[in-house]
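Accompanying notes for the structure given below.
The values are calculated or read from the model by the stated rules, or taken from the named source; none is laboratory data. Quantities reported herein were computed from a predicted structural model and do not represent experimental measurements. All Cβ positions, even for glycine, are placed from backbone atoms using ideal geometry, and neighbour counts span all protein chains on display.
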Amino acid sequence: MLEIQHLTKIYEDGTRAIHDVSFTVRDGEFVILIGLSGSGKSTLLRCINRLVEPTSGKVIWNGVDITAASPKELREIRRNIGMIFQQFNLVKRSSVMTNVLSGRLGYVNTWASVLGQFGREDRQRAFAALERVGVSEKAYNRADSLSGGQQQRVGIARALMQSPKLMLADEPVASLDPATSHSVLKYLEQLNREDGITVLCSLHFLSLARRYGTRIIALKAGEIVFDGLPKDIDHERFKAIYGEEAIEVEIA
Amino acid sequence: MSEEQNEILRRGDKVIIARGVSRLKVARHRFTGLFADVLALCYLYASIRLLILQLPKYKEAVKASTGQPVLYVPWAIVISAAIVVALFWGSLGRSLGGRVGNIEYRRNGAKKVSIIRRLLHALLNAIGMVPAYIGLWWLHTHDARYETWTLASLPLLLLFLWALVDPKGRTLVDRITGVEVSLPEYKEVVDVRVRPRPWYTRSWGAAVLTMLILSYTTGWIITKIDLNALVRDAPRAKPLFIDLVTPDLFERTPTDQIARAKYQIPCSGNPPAPAQVQPDKPSLIITRGGTCGERGDLIAVRGENFAPNSKGILFWVDPIGMKDRIRGIQTDENGTFEYTFNVPNARGTDYEIHEVEAAISVPAGPWRATITLRMVIDKMIETIFLALMATTLGVIISIPISFLSARNLMIHNPLSATIYYITRTIMNIMRSIEPLIWALIFVVWVGIGPFAGVLALTLHTVAALAKLYSEAIESIDPGPIEAVTATGADRIQTIAYAVVPQMIPPFIAFTIYRWDINVRMSTVIGLVGGGGIGFLLIQWINLLQYRQAATAVWAIALVVAIMDYASAIVREKLV
């Protein structure tokens, strides 16, 4: 169970990204975060694994206060939380295999990993993860030789290497075409259903949110304006989230 | 929408687009503006003076003068006058400084300033400078310039002190005339239908134009550009060009054509038979004085069938075979020569047989590299290794330094930020000193030779690469760092997996680029004794051996071109 309590983040330049956000995610949920650009979705996700230090408030996960964790504890918490990104954030020049193996860094000895020494078991696990997302034949290609959709699936494989219990996805399909978007989200859905991984995913398209989410949380100017089931977002609520002039577009 | 915003704005009106402008900032902008104006005016004055001094009348005066400068105005007076003119300029319109400092005067409440107010503003400013005028007069009568400086700068200081006290950054004069200063935070509204006046009709534009014209005129004079000499004296360079296109590369081994004629001292009853001319074989015969005689007798020899137009030596060979040079000889186009000389005072007992030998040297042997070429190749190898050592050492040293001077890694806490600034400063200073100057220092330190060159180039390489590398570190994509951190990796792992792979291509590119530069630099570092081919080059130039120098020049050109080409290929393949 993930509890977010009164979370606030004010950046150094005075920007108030999120303000007093509280909600609870039960294990196994597929929560979609929606909202306009700049509404605080990315900041919220990054506060959970403390890529961004929250200004105040708490993040409690299975009884452990992440916001109070020491650097060492934080690393141990982080390795149980997978994360994928809008820009995939792969090391472009490294091979797909190296990128996937880097997901295992939290588990292995520092110096062995610096020398590129991963155990046979880790390599098999990496192959299995790549097989699962269907890009195993590209294992020894350079990451930037892959298409956008393939790169994002490598991103998922990297997160899978962590054996995560929670998956954070920061607009994972915003750089992809509609068809590829669906395939990537289907992999996330599969992980959620088959492995019971809790997913917290921010999206732009409400149609995708309705299709994949079990619950939707909407942010506006850093505050929660909706928290409920996908079917409950009607025309009025849509306007409240996206503004008067917004028109809902369907994504096939 | 408010009433105010609906009002039609005209060109020249100001709209506040940002707030929170501090008085310190206004004062700073004003000072920058005034400083730029004063600088520009002083520059105009200095270049005009220089041009006037070029007039024949003053040129004579400069030549005749002993110590006392011609047309001299004390700098204190020039600068004070410039300040006064700058104040007028700034008040009456958009001055160059107004442009540079991004300031403009406007009426309180964003209106344009009328010409009357501008005049008043300028006049009051001028009156504020009265102590400066007094100071100048005092200077004129007492010739004590430093006190005048104080006096001249006082009113200005007061002017700006006041601007610091006023909440809107206005000076006393501004307040009296009801003018304030607008900064770039207030954006001018431009009516698109009105074509703005072209820049050169504005006072600042005209000033810039004048400064440019004056700069190029004085530049032409100072650098003594003489197109006439370029055309007229071109033939002088002809032998040099000939040497340049015929470098000293290969030669044929010379072989000697030798012929001898016998001579007895003194004559006995049985003198040697005169030598005969043998067809198609170099032959030497004595044509006058016979084949025997006394020391000091005048004899003549004639050579035939030698190589035409060649040089050689005529020897006297005594009975035990010791050779003495008589004179140099040269064959004509038929391969013959004839010389007259006195029999030398050669050693030998009576009635012994001496010989006259003619040795004509002809380049007929196999081709081989000249000594010049061999020296050049030798030094070129030294040069390339010099560049290699300097680049390698430079890379090794600059990598840790580049981390210390990468903003994104160092700026987080005060201690590392201090290290960052110190490193950057040292590197900037080191980089701005040319390798040739470093070489001079190291030549004194470790002695003439390639080691001094290695040290000099290493130092410059470190300074240059540390900057390039640190910029590469600063510009890496933070995304992968974020992603790897999120997997629970520690700092070392993050650097190994997210930072280092991103740094490799720029590191390789910059290293090759530097290696390229170092080869180039190492060819000239020898000019000051830092080893390498430059050392030979400067020697040959000083000895006026331009053919040899040309060999070195071509070798440098060849090696640099090859390096250039090779590094381009390597860079393409690796990056």
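With the requirement that a residue be at negative phi and not in a helix (DSSP H, G or I), what does the stretch A:109-134 give you?
At the first step, the residues of the stretch A:109-134 found to be at negative phi are A:109-115, A:117-133.
Hits for the stretch A:109-134 are A:109, A:115, A:117, A:118, A:119, A:133.
Any residue that is part of a loop (DSSP other than H, G, I, E, B) and at pLDDT 75 or above - is there at least one of those in the stretch B:144-167?
Looking only at the stretch B:144-167, we keep the residues that are part of a loop (DSSP other than H, G, I, E, B), and these are B:144, B:166-167.
The next check asks that each one be at pLDDT 75 or above; those that pass are none.
Looking for residues that are part of a loop (DSSP other than H, G, I, E, B) and at pLDDT 75 or above, one finds none in the stretch B:144-167, hence no.
Can you list the helices (runs of 4 or more DSSP H) found entirely within the stretch B:371-471 that contain at least 2 residues being surrounded by fewer than 18 Cβ atoms within 10 Å (Cβ to Cβ) and either modelled with pLDDT of 90 or more or within 27 Å of the chain's Cα centre (by Cα) (or both)? Walk me through how you get there before you give the answer.
Numbers: elements: B:371-404, B:407-410, B:414-432, B:435-446.
Answer list for the stretch B:371-471: B:371-404, B:414-432, B:435-446.
Search the stretch A:64-93 for residues being in contact (Cβ under 8 Å) with a residue 60 or more places away in the chain and among the polar types (S, T, N, Q), and hand back the single one that is nearest to the other protein chains (Cβ to nearest Cβ).
Residue satisfying both the conditions and the ranking: A:89.
(1) touching a helix residue (DSSP H, G or I) at 6+ places or on another chain (Cβ under 7 Å); (2) at positive phi: which one isn't true of residue B:544, the others all being true?
Checking residue B:544 against (1) touching a helix residue (DSSP H, G or I) at 6+ places or on another chain (Cβ under 7 Å); (2) at positive phi, the one that fails is (1).
Any residue at all in the stretch A:184-204 that's within 11 Å of chain B (Cβ to nearest Cβ), at pLDDT 90 or above, under 19 Å from residue B:483 (Cα atoms) and crowded, with 21+ Cβ neighbours inside 10 Å?
No, every residue in the stretch A:184-204 fails to be within 11 Å of chain B (Cβ to nearest Cβ), at pLDDT 90 or above, under 19 Å from residue B:483 (Cα atoms) and crowded, with 21+ Cβ neighbours inside 10 Å.
Restricting to the stretch A:94-108, and then to whatever is more than 7 Å from every other protein chain (Cβ to nearest Cβ) and outside any helix (DSSP H, G or I), can you tell me which residue is nearest to residue B:489 (Cα to Cα)?
A:108
Every residue in the stretch B:233-258 that is in a loop (DSSP other than H, G, I, E, B) and without any contact (Cβ under 8 Å) to a residue 60 or more places away in the chain, please.
B:233 - this is the single residue of the stretch B:233-258 that is in a loop (DSSP other than H, G, I, E, B) and without any contact (Cβ under 8 Å) to a residue 60 or more places away in the chain.
Sort out for me the strands (runs of 3 or more DSSP E) sitting completely within the stretch A:138-221 that have 2 or more residues that are more than 23 Å from residue A:123 (Cα to Cα) and more than 13 Å from the chain's Cα centre (by Cα).
Correct list: A:215-220.
So, in the stretch A:110-121, how many residues would count as being within 13 Å of another protein chain (Cβ to nearest Cβ) and of a type outside the set (S, T, N, Q)?
Residues meeting the conditions: 6.
Can you report the number of residues in the stretch B:262-291 which are over 15 Å from residue B:338 (Cα atoms) and under 60 Å from the mean Cα position of the chain (by Cα)?
Number of matching residues: 0.
Tally up the residues in the stretch A:222-240 that are aliphatic (A, V, I, L, M) and in a loop (DSSP other than H, G, I, E, B), please.
2
Does residue A:4 satisfy being under 16 Å from residue A:201 (Cα atoms) and either touching a residue at least 40 places away in the same chain (Cβ under 8 Å) or more than 17 Å from the chain's Cα centre (by Cα) (or both)?
In short, yes.
Does residue B:79 satisfy the condition of being modelled with pLDDT under 75, assigned by TED's automatic domain parsing to the domain that holds residue B:130 and not hydroxyl-bearing (Ser, Thr, Tyr)? Even if it seems obvious, please write down each step before you answer.
On the way: modelled with pLDDT under 75: no; assigned by TED's automatic domain parsing to the domain that holds residue B:130: yes; not hydroxyl-bearing (Ser, Thr, Tyr): yes.
Judged against the criteria, residue B:79 is not a match.
Would you check if there is a residue in the stretch B:279-300 being assigned by TED's automatic domain parsing to the domain that holds residue B:358, assigned to a strand (DSSP E or B) and of a type in the set (Ser, Thr, Tyr)?
yes
When the stretch A:47-63 is examined, which residues are found to be surrounded by fewer than 21 Cβ atoms within 10 Å (Cβ to Cβ) and either within 14 Å of chain B (Cβ to nearest Cβ) or part of a helix (DSSP H, G or I) (or both)?
Taking the stretch A:47-63 and keeping what is surrounded by fewer than 21 Cβ atoms within 10 Å (Cβ to Cβ), we get A:50-53, A:55-58, A:60, A:62-63.
Answer for the stretch A:47-63, where residues must be surrounded by fewer than 21 Cβ atoms within 10 Å (Cβ to Cβ) and either within 14 Å of chain B (Cβ to nearest Cβ) or part of a helix (DSSP H, G or I) (or both): A:50, A:51, A:52, A:53.
Quick one: residue B:351 ticks every box in (1) at positive phi; (2) free of Cβ contacts under 8 Å to residues at least 24 places away in the same chain except a single one, so which number is it?
(2)
Taking residue B:325 and the conditions (1) surrounded by 17 or more Cβ atoms within 10 Å (Cβ to Cβ); (2) assigned to a strand (DSSP E or B); (3) free of Cβ contacts under 8 Å to residues at least 24 places away in the same chain, which numbered condition does it fall short on, given that it satisfies the others?
Unmet condition: (1).
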